[in-house]
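Contents: one structure, followed by commentary.
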Amino acid sequence: MTKRNAFMVLSSDEEDEKSSSKLKSFFCRSDSKGQKQPCFSVPRSRSCKQSRIADEFELFGEDFKEVFTGVKVSNGSGTGTRKELWADRYKPCTFEDLAVHKKKVDEVKAWFEQKIQVSKGNHDSNVLLITGPAGVGKSATVKVIASHLGAMLFEWRVPTPTIWQEHMYSSNTGMQYISKLDEFEIFVERIRNYGLVSPSITGRPLSPVILLIDDLPLTFSRIAYTRLKNSLHLLVRSACSPTVILITDTDHSDSANDTTRNFEELKSFLEEVGARKISFNPITSSSIKRTLSKVCKQERCHVTAEQLDLIAKASGGDIRQAIASLQLFSINKNVSTNPTLSDSAERKDGNPSGILFGRDETLSLFHALGKFLHNKRERESTDFLDEDTFPIRDKFSRLPLKMDSPEKVLCQAHGQARPITDFLHENVLDFIDGDAVDDACVVLSYLCDVDVLLAIHQKNFSKNSDTEKVLQSCAASIAVRGILFGNDHPAPPRWHSIRKPKLWQVEKTALHNKDKLLWQRDKFHHSSDLSVIATEYTPVHRQIQHKQPDIRSATSMENSGAAGDGDDDTSMETDAFDDDEIEDW
Amino acid sequence: MLWVDKYRPKSLDNMNVHEDIAENLKKLVSEQDCPHLLFYGPSGSGKKTLIMALLRQMFGSSSEKVKVENKAWKIDAGSRTIEIELTTLSSTNHVEMNPSDAGFQDRYIVQEIIKEMAKNRPLVDAKGKRGFKVLVLNEVDKLSREAQHSLRRTMEKYSSSCRLILCCNSSSKVTEAIRSRCLNVRVNAPKEDQIVNVLEFIGKKEGLQLPVGFAARIAEKSNRSLRRAILSFETCRVQQYPFTSNQAIPPMDWEEYVSEIVSDIMKEQSPKRFAYSYTSCLCENFTFIIRKIIYISHCGDYFNFGYQPDTHSILFLEVLVVHRLLCIFCIVLCRLFQVRGKIYELLTNCIPPEIVLKRLLYELLRKLDDELKHEVCHWAAYYEHRMHLGQKAIFHLEAFIAKFMSIYKSFLIATFG
Amino acid sequence: MAPVLQSSQPWVEKYRPKQVKDVAHQDEVIRVLNNTLETADCPHMLFYGPPGTGKTTTALAIAHQLYGPELYKSRVLELNASDDRGINVVRTKIKDFASVAVASGQRQGGYPCPPYKIIVLDEADSMTEDAQNALRRTMETYSKITRFFFICNYISRIIEPLASRCAKFRFKPLPQEVMGSRISYICKEEGLNLDDEVLSTLSVISQGDLRRAITYLQGAARLYGSSISCKDLINVSGVIPPEASEALFFACKSGNFDLANKEVSNIIAEGYPVSQMLDQLLDMVVEADDISDEQKARICQKLAEADKCLIDGADEYLQLLDVTSNTMRALCNMPEDFTYEA
């Protein structure tokens, strides 16, 4: 997988030799270190991957302009040369330019003002956590506010990765390889000890100082993750100037991905230790359109309102993407006489993927789940008279679906089989009519099949990724179609919220309790079976203790409730998020 | 200390059940030619006790001085290193562990760690006695196939320096290769009268007055598990003393929970509940009932009444007419949802899902007609098997419950409808 | 420390025939092999047949008779299933062994010592198909200097290209008399007392598998000393006493579910292995005269399914209960399909 990524980058970015070679080396390095990003089999559309890589590329490219030190001083916006990306040139510098929702901006600004005013003797944490999808203007907002407040903005970015060859070279000369995580730790340590006042700018001590930490270093192993967490904890506790941490949300559907899950966990962890959290939503298409038309005016290129609309919609709330598309589109228009966009057939479709470089139509996972669960069907079968169809027994025939084929929807939602199944399992009962136990039985037995299918791969450790892919997509397909088929009597349509699978939390708690049991076993019962301890010893201890609380306090086992508490906040938040999604329908 | 531990026989000489096995084991040890041993038998039958007594017989009291060690092992598995944490219990002469704790990495434990332990044989002590080490492996039946294969290899390779004592519940899950290399010792669950004897023995030691038949009732409830019997005996003692002959023997809390689940899934369908459930349905889901009635009236011609939602009295009558049908239908799915919550609760407390399922079946079989029992037990077996194939037990447990509800519903319709 | 711990040689090894002609009951095989021994020219060989009929014994005996104890180590490679037998291992081990050339054929110390090496692959049917294919290549490459002896229970699990390169020998299961004489020989050597009833029980429970019979005998001798009863043997072998299995079968016939359930719980509580129970149930069903073929088929199908489930790790109690309930329904002519299934 990693190798293929590297290949794609090479082929798609030819403009900047230097950085692409750098990129390549980055990938090579991660490759040879064996740190693979966990790969997934459900086909994710190609363009999405490209756009992700493009993001990364942008980041590295910017990085490359900086010196190799991690901290840089930024002073708002630059003037820019001809060759600049439009997204850089039209970086917002005033509040009016910001496409972010005004309320959010005000929220952030208020926080900054408060922090700067009472920066001394304040016991609250000085850390603000901003989350949101890529390209919604997280860093832009901070920069604008910083320049508005006249504050110095120090920025820590993911440092330029050491090129593998370079590392090989320097290891010969005795230099040590420093990982990004190491650098981050050093950085945190430094600002804890010395503050941000570096010798070069001590001359102007008066202006307030803001520290911006753009994306955190990626962590792959559990150990690295714990290290990162520790240093973040230190940072939150002891940061003396207002510090902003940006975390880019990745797709929820990736929650099986370790890295993503780590980020999710980090978020809740940061909040727990006292950081303030503000999450940004995708930018509305109307405000993207506004920005785009402004850009158009300045660039003096003519794009129709309709086209702007398409670009804005296709960007999926990512303004950076929108501007990039616009730039590309205008270039394209200049060279090609017959731009694809004005193709009337395409437009009639109303299909925004007609634009070459839009984000493809990503259905959010929840949207797709809703589609499956609601199981909307036509009133009557259209192919009644079709001679070719096989006669199907009444019991098994269903009316045609009111949606694309489920596999297509799945693909658009980037659904992974496992989480999709978990979600469906959690929610499907709400959508089945109250008396249709038979339906519930059919649906659940399909889900049970899916579980078996998904387990096959895990148990066999087969190295063959092809079979895994097939298995995964089959499983997803069975889950979805099983639910569509089984739910013959959908509940009358009413407002449902889609819950996050409780199963995840249950599993976590169960694991936690199992550890406790193991510990107990080692202490008290000489290596009996775990199940015996769980089913016999522990209940008896509880019963006895209930009567005589003083005797065996050591062996007490608290009920499971407490262990799950840490998770509650996040799940509530997801609920809120889900509600938003559902209102849209 | 619990009575189970307090009154556990320490040596082969004073076993209170399985005296015959103890006798044979003694003979085996005295011949100084102890083969590998495989103890198998149901839970609570006394395998552990026998093994510990056997160790004592071999090594004297030094086998009781155990220390618990939790050690992380680094294992080089081809391209990568794997870290496995394993807790062992060891004395100078024996090591005890549960290799199945490592989950799917159990193979490495068997291959590497056991090898490591088998290699460093203990020194000959002053009297020149017992130059071998004993490895006690618990829950061998839970080991994966690969691990069992490696175990076989280990047995052959290190048989000069160590002896294995394996312990498991079901010997059919241990491969033939291992079984044939061990001396198999079947430890059957003690008979009920044996359990009664043990309980009376403990009662005497504790100076308790046992009403007639009390011990027998505990034994009957214990499902022939001695451990279980002693545990519930002690619980009874704590809950109420002096005993009364009709004192309730408390079930384990999770068992109570399971029986709650069972009554939950059968509740709405029980005839006694008709009146209640129909009124509650009326309040909860009024429109739903109206819809149902209209539907019925459209389908069957014999309901010839005008559709007047405001005339409650007519509706009420009609509701009464179809109440039986309705109540059967009203196995409201939210029940299934509540049941899910309860199962989650059980799973978080680490009750193994197959035990939950077995208990469910047990409770169901108690309450069902003969006709249904075959069907229900078939599905229980089916879903339990699936549970082992799959990953997430909840899916299969729930599928079983839904299956049961669906079967039960059509049974009720066939019988009453 | 060695003096304390006697190296207790398993009787299976101790009484393993050292010469091909001593192998019991496999007359045709022995005749053919004796010819081979005389000419010292042998093809690749494939021995198949049920366990405990002398396949490994024969293979080892040939090797011994060809090379004698001195050369044996350097000329013969034994690999069995418990060795790690991935493709790579097969390749490297066999290659390493086979690529060292041998001196030309010189009779040494009365042994023929033909100029090739022998590789004995025990339990070859548990090799993966990939490994077998890899082996095929190896066989061709080194065919001049090596001979392969494959040993397996099921010839159908050996891929055709391999099987066709070998001379195949089928080993028959041992009849009671042959086994009886062998066992009584061992008893005499070891000083055991066995009456005829015990002998016949032993051959019944070991089902023509001599190795198993000897293992049981040794186990029983260890546990119970020199006088061994039928019960002792049954106890050691893990076979379920006929009374228990008959009780279950009777409960099935009665048509009373609760009774059957009680029997099943009883069997579990006694700790009898359920896979063994299924085996014995199968025997009983197949041999019963008062059951129609259709009923037998129904029961056997379920037995097979349950066996597979057990291998997958399913719960013993539930599977046995399912089998029992199914058997009961077949025996009492209850409909095969469930009535209330949606």
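For the reader, a short list of remarks on this structure follows.
- Residue match in the stretch B:30-37 (condition: assigned to a helix (DSSP H, G or I), assigned by TED's automatic domain parsing to the domain that holds B:Leu135 and not aromatic (Phe, Trp, Tyr)): yes
- Condition met for A:Glu56 (in a helix (DSSP H, G or I), surrounded by fewer than 21 Cβ atoms within 10 Å (Cβ to Cβ) and at pLDDT below 50): yes
- Complete set of residues in the stretch C:278-297 that are surrounded by 11 or more Cβ atoms within 10 Å (Cβ to Cβ) and assigned to a loop (DSSP other than H, G, I, E, B): C:Ala288, C:Ile291, C:Ser292
- Screening the candidates C:Leu320, C:Leu303, C:Leu233 for the property of being surrounded by 14 or more Cβ atoms within 10 Å (Cβ to Cβ), more than 11 Å from every other protein chain (Cβ to nearest Cβ) and within 30 Å of B:Phe411 (Cβ to Cβ) yields one hit, C:Leu303.
- Residues being part of a helix (DSSP H, G or I) and in contact with an Asp or Glu (Cβ under 9 Å, 6 or more places away or on another chain) - total across the stretch A:402-417: 1
Listed here are the residues, each with its yes/no results for (1) surrounded by 14 or more Cβ atoms within 10 Å (Cβ to Cβ); (2) touching a Lys or Arg at 6+ places or on another chain (Cβ under 9 Å).
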site	(1), (2)
C:Leu174	yes, yes
C:Arg182	yes, no
C:Lys188	no, no
C:Leu199	yes, no
C:Ser203	yes, no
C:Gln207	yes, no
C:Leu217	yes, no
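- Yes/no for A:Leu453 being in contact (Cβ under 8 Å) with a residue 24 or more places away in the chain, within 21 Å of B:Glu384 (Cα to Cα), in contact with a Cys (Cβ under 8 Å, 6 or more places away or on another chain) and within 12 Å of chain B (Cβ to nearest Cβ): yes
- B:Gly417 vs. criteria crowded, with 23+ Cβ neighbours inside 10 Å and at pLDDT below 90: no
- Search result, residues across the stretch C:240-263 that are touching a helix residue (DSSP H, G or I) at 6+ places or on another chain (Cβ under 7 Å) and within 14 Å of chain B (Cβ to nearest Cβ): C:Ile240, C:Pro241, C:Ala244, C:Ala251, C:Cys252, C:Gly255, C:Phe257, C:Leu259, C:Ala260, C:Asn261, C:Glu263
- Within the stretch A:473-512, the set of residues being among the hydroxyl-bearing types (Ser, Thr, Tyr) and not assigned by TED's automatic domain parsing to the domain that holds A:Cys448 comprises A:Ser497, A:Thr509.
- Qualifying residue in the stretch B:235-244 (condition: among the basic types (Lys, Arg) and more than 10 Å from every other protein chain (Cβ to nearest Cβ)): no
- Qualifying residues in the stretch B:187-201 (those that are within 30 Å of B:Leu151 (Cβ to Cβ) and of a type in the set (A, V, I, L, M)) - the one nearest to the other protein chains (Cβ to nearest Cβ): B:Ala189
- Residue among A:Ser170, A:Ser147 that is modelled with pLDDT of 75 or more, among the hydroxyl-bearing types (Ser, Thr, Tyr) and surrounded by fewer than 18 Cβ atoms within 10 Å (Cβ to Cβ): A:Ser147
- Just one of the listed residues (B:Ala215, B:Ala248) is touching a helix residue (DSSP H, G or I) at 6+ places or on another chain (Cβ under 8 Å) and either aliphatic (A, V, I, L, M) or within 14 Å of chain C (Cβ to nearest Cβ) (or both), namely B:Ala215.
- Filter result for B:His378 (buried (at least 24 other Cβ atoms within 10 Å of the Cβ), facing chain C (nearest Cβ under 8 Å), in a helix (DSSP H, G or I) and in contact with an Asp or Glu (Cβ under 8 Å, 6 or more places away or on another chain)): no
- Residue count, the stretch B:197-255 (criterion: surrounded by fewer than 21 Cβ atoms within 10 Å (Cβ to Cβ), of a type outside the set (Gly, Ala, Ser) and touching a Cys at 6+ places or on another chain (Cβ under 9 Å)): 4
- Qualifying strands (runs of 3 or more DSSP E) (wholly inside the stretch B:77-186; at least 3 residues being closer than 29 Å to C:Gln276 by Cα, within 14 Å of chain C (Cβ to nearest Cβ) and at pLDDT 80 or above): B:162-168, B:183-186
- Selection count, the stretch B:381-404, where residues are among the aliphatic types (A, V, I, L, M), more than 7 Å from chain C (Cβ to nearest Cβ) and within 30 Å of A:Asp515 (Cβ to Cβ): 6
- Qualifying residues in the stretch C:264-275 (those that are more than 7 Å from chain B (Cβ to nearest Cβ) and under 12 Å from B:Ser170 (Cβ atoms)) - the one surrounded by the fewest Cβ atoms within 10 Å (Cβ to Cβ): C:Ile267
- The requirement of being more than 14 Å from every other protein chain (Cβ to nearest Cβ), in a loop (DSSP other than H, G, I, E, B) and either among the small types (Gly, Ala, Ser) or surrounded by fewer than 16 Cβ atoms within 10 Å (Cβ to Cβ) (or both) is not satisfied by B:Ser263.
The values are calculated or read from the model by the stated rules, or taken from the named source; none is laboratory data. Values in this document were obtained by computation on a predicted structure and should not be read as measured data. In this analysis, Cβ positions are derived from the backbone assuming ideal geometry, glycine residues included, and neighbour counts consider all displayed protein chains.
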